[in-house]
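J.: First, the structure itself, so that you have it in front of you.
The values are calculated or read from the model by the stated rules, or taken from the named source; none is laboratory data. Bear in mind that the values here come from a model prediction, so they are computed numbers and not experimental data. Counting neighbours? That spans all protein chains shown, and the Cβs are built from the backbone with ideal geometry, glycine included.
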Amino acid sequence: MASDLFNEYETEGFFDEVFEAAGTPRPHYSALLKRLSYFSAEELARRERRRDADFRNQGITFTVYGEEEGIERTFPMDLMPRVITADEWSHIEAGLEQRVTVLNRFLDDLYVGERAAVRDGIIPWWVVTSSDGFSREAFGIPMPLGARCLVAGIDLVRDGAGVYRVLEDNLRSPSGISYVVENRVAMTRLLPQMFADTPVRPVDHYGRSLLGALNRVAPPSAGDDPTVVVLTPGVFNSAYFEHVFLAAHMGVELVEGRDLVVDDQVVYMRTTKGLKRVDVVYRRIDDAFLDPVVFRPDSSLGVPGLMSAARSGSVTIVNAVGNGVADDKAVYAYVPALTRYYLDEEPILPNVETYLLWDPDQQASVLNRLDQLVIKPVAEAGGYGITIGPAASDEELAKCREDIIANPRNWIAQELVSLSRHPTLIDDHAEGRHIDLRPFVLTSDVVEVIPGGLTRVAMKKGSLVVNSSQGGGSKDTWVLAPTREGVESEVSEVASDVWPGAAEVSA
Amino acid sequence: MLARDAENLFWAGRYLERAEDTARLLDVTYHGLLETNAAEQRVAWRSALEAVGLRDAFEATGRALTAGNVSEFLVRDEENPGSIISAVEAARENVRTVRESLSTECWEAINSFCLSIRSRNLEVEIEQQPHELYGFIRRQCQTVAGVASETLARDDGWRFLRLGWHLERAEWTCRILRVRQVHLEAPGFHEWVGTLRSASALEAYRRNSRGSMDPADVIEFLLLSDSFPRSVFFAIRSAETSLRELGTGEEPSQPLRLVGRLRAELEFADPRELLSGDFEGELIRIERAIRGVCSAVGVRYFINIHDVDLHMLQLFPGAGVE
Amino acid sequence: MRLDIRYRSTFIYDDVVTESQNELRACPIADERQDLVRYRVSVLPSTKVSSYTDYWGTRVDTFGHRNPHVGLEVLAEATVDTKPRLQPTGACRPDALLAPEFLDLHGEYLERTPHCDWGTAVADLAAEQVRNTGPDVVSRILALHRLVGTSVEYRKGFTEVGEPVDEVLALGYGVCQDFAHLAVSFCRSQGIPARYVSGYLFTRDETVLDEAELDDDEPVRVQTHAWFEAAVPGWGWFGLDPTNQQAVGQRHVKIGHGRDYDDVQPLRGVFSGAAGAMVTPDVEIRRLAMAEVGSPALPGRLLQQHQQQQ
């Protein structure tokens, strides 16, 4: 007996990842759905509980603040994976490679180059200098291979027509790769049957790829075997689990600011056998807290003298200081033009239509349609500070209007994208929930995109907010490997009696 | 390895050992008193607190000296840094900050121990089924130690973890011996059995000495046995091995020197001589020597990074000093 | 005018300091109005000093100590030739301030910053002053400069370091840094880009001495000084000293500029291990040549004087 997970499933007019129309799954999902339906609701619930216990035991948690002490929460992974075909993926991959190349060129141009894009009028200088993320302290410090965004997380959404668009760029400390890898491990443990005969591209090589990239940006003084460390703010940071994950998967030390010391512009870590030289610091600390001599003097998380060492070329800081200017949401609006300027190519992945509010005409038009648009602050992370026009109250819209008029540089307006939805297990059946996708891109001498990425789910019905800190969840993301003929592959059908766990199927 | 990580593992080892030994002591004390009167009970609980080194701390709470209060204090009082729950939480925190240098199994073992102890109704269990509770705690500690032993590479992290265990264990056994031997009026058969049980030594002792409860034999066993893993000598010798392995091949480090001397003393000690002299004084001296090794370890390996609180330096024209 | 400047900061810590890292901004900038003849920096306890030029064009000397020490002395010695500074001439209409290229280039100097975070009190007063001045940018700048002089009196010990400009205005007292921040805030609030300048001022009145009296010159002992520059469209940066209510001239030696004090602090850093420090900064300036129009050769005895100071 197949369970009735999807009996009452409705796409409700949204682009649905799984269903072309009610009851009609897309080809690359049909076998998966069939397999899923062999599990009863109770069986799935049992596996969900096991998933929660496993995640908690392993400490795969993040910490939510805003309550008295930080509370550790597990980031709920929905049991139904999201599947991307090989053809779709090759389009996304090409778009991401192009975009990250442009962003790296732009940042290098600004910090060590001639500021050509500014000189040639592609982006105004004052937009750059007024960005919170523009770091004057990084001026003139070169980055090996120009790989300023060595790790980039480019958030993609799919609109009502099924077109993938870039929603935002995260170029400072994009997080979530640990969930990508752990979700895959969890799926293989909880629902191994779903993978049968399915060419899902692996993601567990991330540590190796990242370490390779970090080694390639080490300074020449490092020699053949650079010493790489992951610099964390510490156990109280909400993403601490990921920092541990990164250090463990690369086999390198996880350090805090107080474990490092700078002597004569060289960085060392304090070990039981004395000081050991460090060549690459993969830091998951914001610029502002990185070095109290040069940035916030009250920061106890950073390493005094680190910037001086970087300037002298004895150590490489990853991601480079000052990337925030390129993930400023106002600068985001210029990326298509920058793509044409640096590469002489049309952007493969389009932006979401964005309005810059210091322009009087754009401002007027936006203020006229405030209740139809999404208003975002240019420098916030975690989905905070966003006003979604159609869902906002009159007071919220009025405040929004005031804020825009008072400080137009601080806000952008975007058309509301009707995000795609994906069936998600809610109680004993499936319901559509809005999702996005954060693929991870590594840049060193080449650009490498990790297959898939983190699919984030807005767990609350109707909500468009997917961030973990605000009640989001995730899905394992499967990118199908291309078949030999290059034809779009499908999750293949398997007879139910050949398949382990068939005995558990209720009649 | 990172000096801070080494320090965390050293302390994790000590906390785990402390939790296990406290649970064992409580179990033995509680059950050893079931057939005694109130006065004897008070004496026994007082000596248990002494054995843990927390007599003053307990008295400072102002609570009455009863089985219930002492058990609560030693098991679940979060204000008491020496309680079992504090030790387990501290061990977990220490391991959490170095988990990337440990195996996943190791982290999961300590993490699930901590989660399960948090989820138990300790208040009820202390009162109604203490033996089960203490047995659970001991088994969990042993599980963590076993997982660590089976899954960790024999590197410096492992050595510091063991070093912490062994130094803590040595100090414990020494203290138990001192407190029980000296503070009980005239330790008789039952008291010695209790002492041996507190060190999980009863069966091994019996196999070794075939039922004799001659004080000299018991003391020799607990203090000087080279085959029983919980004896002070054995623990000190294991600590010496760890410190030797941590050495860099040049001169012996200060902690290695200190522990080596202590081990040599114990190796060649004569139990009858000890007993006929100032035995309590000797035991105090040994305990002090063990603590000396612990501080020497800190000075030598855990570069004191707690002083790094940074102060800003800024000068303002006209206003001068800042 | 040729000036010899010795900047020294001495720190005595309460207790042993195990680590310290610092950045010094004490070197006079080389620009159209200043030639840097020589510059040397040394630190005790002795340590390597590295230098770079920061985003604002200021020379930065960095150094660190990892050995325990109880005191620190930084000594920077510079010889600089200052040229007379020009005043803007010609009229400049305020709408030039709104030209897109001008705004684009000077955007950084129009924003609020931590030390120039003016409120309505400052803005209203500046607006009134501008209303009472004609439609000429330079006149407005001069008027706002005068306004600082009439609003605030120089007094030490009344303002906290980094006092908000609204407070300075309300108090009516301040030190040179407060004067500079207030002047910058007045200008920015009226759409005139302005920047904070750190430097030295040779306070001997230049009209008093002539060549013959040079040897008897006593060096002057001062602190570092602060003033501001305002942008005049089509002309450049106009320097004014609001504390002394005069245009910046040959007796002013510029170290560098920034959006406010934070961008051009003479000395900043961190140290660990001790709780407090007693800091004694001092600047000694000695004049080596008269105010000049050309560029005369140095008399021999002045070269000797040079050497003696090493």
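J.: May I ask you to list the residues in the stretch A:128-180 that are within 14 Å of another protein chain (Cβ to nearest Cβ) and either under 22 Å from A:Arg456 (Cβ atoms) or among the small types (Gly, Ala, Ser) (or both)?
T.: The first filter runs over the stretch A:128-180 and keeps only residues within 14 Å of another protein chain (Cβ to nearest Cβ), leaving A:128-132, A:134-142, A:178.
Answer for the stretch A:128-180, where residues must be within 14 Å of another protein chain (Cβ to nearest Cβ) and either under 22 Å from A:Arg456 (Cβ atoms) or among the small types (Gly, Ala, Ser) (or both): A:Ser130, A:Ser131, A:Ser135, A:Ala138, A:Gly140, A:Ser178.
J.: On to the next question. Check the stretch A:98-110 and report whether any residue there is part of a helix (DSSP H, G or I), under 27 Å from A:Val217 (Cβ atoms) and more than 23 Å from the chain's Cα centre (by Cα). Give the derivation first.
T.: So the first thing to find is which residues in the stretch A:98-110 are part of a helix (DSSP H, G or I), and the list is A:98-110.
If we keep only those that are under 27 Å from A:Val217 (Cβ atoms) as well, we get A:98-110.
Next, from what is left, pick out any that are more than 23 Å from the chain's Cα centre (by Cα): A:109-110.
Yes, the stretch A:98-110 contains at least one residue that is part of a helix (DSSP H, G or I), under 27 Å from A:Val217 (Cβ atoms) and more than 23 Å from the chain's Cα centre (by Cα).
J.: Here is a further query. Read through the list (1) surrounded by fewer than 16 Cβ atoms within 10 Å (Cβ to Cβ); (2) part of a strand (DSSP E or B), then give the number of the only condition that C:Glu167 fails.
T.: Every listed condition holds for C:Glu167 apart from (2).
J.: Still on this structure, please answer the following. Out of all the residues in the stretch C:74-84, is one or more of a type in the set (A, V, I, L, M, F, W, C) and under 20 Å from C:Asn244 (Cβ atoms)? Steps first, please.
T.: Taking the stretch C:74-84 as the starting set, the residues that turn out to be of a type in the set (A, V, I, L, M, F, W, C) are C:74-76, C:78, C:80.
From what's left, under 20 Å from C:Asn244 (Cβ atoms): C:80.
So far as the stretch C:74-84 goes, yes, one or more of its residues are of a type in the set (A, V, I, L, M, F, W, C) and under 20 Å from C:Asn244 (Cβ atoms).
J.: Report every pair of residues separated by at least 6 positions or lying on different chains whose Cβ atoms are under 9 Å apart, first residue within the stretch A:243-269 and more than 7 Å from chain B (Cβ to nearest Cβ) and under 24 Å from A:Pro292 (Cα atoms), second assigned to a helix (DSSP H, G or I) and acidic (Asp, Glu).
T.: These pairs meet every condition: A:His243/B:Glu100.
For (1) without any contact (Cβ under 8 Å) to a residue 12 or more places away in the chain; (2) closer than 25 Å to A:Glu448 by Cα, each residue gets a yes or a no:
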site	(1), (2)
A:Ala94	no, yes
A:Glu97	no, yes
A:Phe106	no, yes
A:Val118	yes, no
A:Ser131	no, no
A:Glu137	no, no
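J.: Restricting the first residue to the stretch C:143-172 and requiring it to be closer than 12 Å to C:Phe186 by Cα, which pairs with a second residue that is part of a loop (DSSP other than H, G, I, E, B) and aliphatic (A, V, I, L, M) meet a Cβ separation below 9 Å and a spacing of at least six or different chains?
T.: That search, which allows pairs on different chains as well, returns C:Leu144/C:Ile192; C:Leu169/C:Val152.
J.: Being at pLDDT 90 or above, polar (S, T, N, Q) and out of contact with any helix residue (DSSP H, G or I) (no Cβ under 7 Å at 6 or more places or on another chain) is the filter here; which residues of the stretch C:44-76 pass it?
T.: C:Ser46, C:Thr47, C:Ser51, C:Thr53 - these are the residues of the stretch C:44-76 that are at pLDDT 90 or above, polar (S, T, N, Q) and out of contact with any helix residue (DSSP H, G or I) (no Cβ under 7 Å at 6 or more places or on another chain).
J.: Is there any pair linking a residue in the stretch C:255-275 that is more than 14 Å from C:Phe63 (Cα to Cα) and within 7 Å of chain B (Cβ to nearest Cβ) to one that is part of a helix (DSSP H, G or I) and at pLDDT below 90, with Cβ under 6 Å and at least six apart or on different chains, and which?
T.: Cβ pairs passing all conditions: C:Gly273/B:Asp307.
J.: Tell me which helices (runs of 4 or more DSSP H) are completely within the stretch A:295-391 and hold 2 or more residues being touching a residue at least 60 places away in the same chain (Cβ under 8 Å), or say none if there are none.
T.: Numbers: elements: A:306-312, A:329-332, A:335-343, A:360-368.
Counting at least 2 such residues, we get A:306-312, A:329-332, A:335-343.
J.: Step by step: first the residues of the stretch C:90-101, then only those that are touching a residue at least 60 places away in the same chain (Cβ under 8 Å) and surrounded by fewer than 16 Cβ atoms within 10 Å (Cβ to Cβ), then the one that is farthest from the other protein chains (Cβ to nearest Cβ). Which residue is that? Write out each step before concluding.
T.: First, pick out the residues of the stretch C:90-101 that are touching a residue at least 60 places away in the same chain (Cβ under 8 Å): C:90, C:92, C:94, C:96-99.
Checking the rest, the ones that are also surrounded by fewer than 16 Cβ atoms within 10 Å (Cβ to Cβ) come to C:90, C:96, C:98-99.
Numbers: C:Gly90: 26, C:Ala96: 16, C:Leu98: 13, C:Ala99: 13 Å.
Here the answer is C:Gly90.
J.: C:Ile12 fails exactly one of the following numbered conditions: (1) within 30 Å of C:Gly276 (Cα to Cα); (2) at pLDDT 90 or above; (3) more than 14 Å from chain A (Cβ to nearest Cβ). What is the number of that condition?
T.: Result: C:Ile12 passes all but (2).
J.: Another question, then. Can you give me the ranges of the helices (runs of 4 or more DSSP H) entirely in the stretch B:135-220 with at least 2 residues that are buried (at least 24 other Cβ atoms within 10 Å of the Cβ)? So that I can check it myself, show each step before the final result.
T.: On the way: elements: B:156-183, B:189-198, B:202-209, B:215-219.
Ranges flagged: B:156-183, B:189-198.
Condition check ((1) away from every other protein chain (no Cβ under 14 Å); (2) modelled with pLDDT under 85; (3) surrounded by 21 or more Cβ atoms within 10 Å (Cβ to Cβ)) across all residues:
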residue: B:Leu2; (1), (2), (3): no, no, yes
residue: B:Phe10; (1), (2), (3): no, no, yes
residue: B:Glu35; (1), (2), (3): yes, yes, no
residue: B:Ala38; (1), (2), (3): yes, yes, no
residue: B:Asn69; (1), (2), (3): yes, no, no
residue: B:Glu72; (1), (2), (3): yes, no, no
residue: B:Glu78; (1), (2), (3): no, no, no
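J.: Something else now. Out of B:Arg46, B:Arg118, B:Arg63, B:Arg55, which single residue is under 23 Å from B:Gly13 (Cα atoms) and either among the charged types (D, E, K, R) or away from chain A (no Cβ under 14 Å) (or both)?
T.: Values: B:Arg46 fails: under 23 Å from B:Gly13 (Cα atoms); B:Arg63 fails: under 23 Å from B:Gly13 (Cα atoms); B:Arg55 fails: under 23 Å from B:Gly13 (Cα atoms).
Within the list B:Arg46, B:Arg118, B:Arg63, B:Arg55, the selection yields B:Arg118.
J.: Return the residue satisfying two criteria in turn: it lies in the stretch C:254-288 and is basic (Lys, Arg) and within 17 Å of C:Tyr55 (Cα to Cα), and of such residues it is modelled with the lowest pLDDT.
T.: Of all residues in the stretch C:254-288, those basic (Lys, Arg) come to C:254, C:259, C:268, C:286-287.
After this cut, where a residue has to be within 17 Å of C:Tyr55 (Cα to Cα) as well, the list is C:254, C:259, C:268.
Numbers: C:Lys254: 97, C:Arg259: 97, C:Arg268: 90.
Applying the filter and picking the extreme gives C:Arg268.
J.: Just checking, does the stretch C:32-43 include any residue being within 13 Å of chain A (Cβ to nearest Cβ), free of Cβ contacts under 8 Å to residues at least 40 places away in the same chain and surrounded by fewer than 17 Cβ atoms within 10 Å (Cβ to Cβ)?
T.: Within the stretch C:32-43, not a single residue is within 13 Å of chain A (Cβ to nearest Cβ), free of Cβ contacts under 8 Å to residues at least 40 places away in the same chain and surrounded by fewer than 17 Cβ atoms within 10 Å (Cβ to Cβ).
J.: Could you list all residues from the stretch A:270-287 that are within 7 Å of another protein chain (Cβ to nearest Cβ), among the basic types (Lys, Arg) and touching a helix residue (DSSP H, G or I) at 6+ places or on another chain (Cβ under 8 Å)?
T.: Start the filter on the stretch A:270-287 by keeping residues that are within 7 Å of another protein chain (Cβ to nearest Cβ), which leaves A:270-273.
If we keep only those that are among the basic types (Lys, Arg) too, we end up with A:270, A:273.
Scanning the stretch A:270-287 gives a single hit, A:Arg270.
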